[in-house]
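Let me begin by presenting the structure, written as structure tokens, before commenting on it.
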């Protein structure tokens with residue numbers, strides 16, 4: 001059963017809260033960590049090798065729209081990885 005946090009004016013505090021048995025692991029917004037050197041290299045290698053076929057084989061939904069969205073995110077990550085010195089060629 002879901003319940004709202006009562007009496008809260010802060011946006012983060014007014015979020016819907018799930019009962020403990022309903023909670024899924026989440027990462028709080030704006031609390032992402034930067035990858036270390038090894039992780040950045042591994043991500044760069046994955047981005048370099050990932051193709052549209054990769055995205056077609058691993059969607060959450062079985063439609064082409066999600067595959068295109070996944071490919072868009074990979075393409076968006078390439079410049080940032082390059083700027084960080086991990087250029088996926």
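The values are calculated or read from the model by the stated rules, or taken from the named source; none is laboratory data. Predicted, not measured: the structure shown is a model, and the values here were computed from it. Note: ideal-geometry Cβ built from the backbone for every residue, glycine included; neighbour counts use all protein chains shown.
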Pairs where the first residue, in segment 42-67, is on the phi < 0 side of the Ramachandran plot and touching a residue at least 24 places away in the same chain (Cβ under 8 Å) and the second is assigned to a loop (DSSP other than H, G, I, E, B) and surrounded by 15 or more Cβ atoms within 10 Å (Cβ to Cβ), C-beta under 6 Å, 6+ apart: 44/86; 44/88; 47/88; 48/88
Segment 53-64, residues that are surrounded by 13 or more Cβ atoms within 10 Å (Cβ to Cβ) and either farther than 23 Å from residue 82 by Cβ or touching a strand residue (DSSP E or B) at 6+ places or on another chain (Cβ under 7 Å) (or both): 56, 59
Residue that is at pLDDT 85 or above and surrounded by 10 or more Cβ atoms within 10 Å (Cβ to Cβ), where the choices are 50, 18: 50
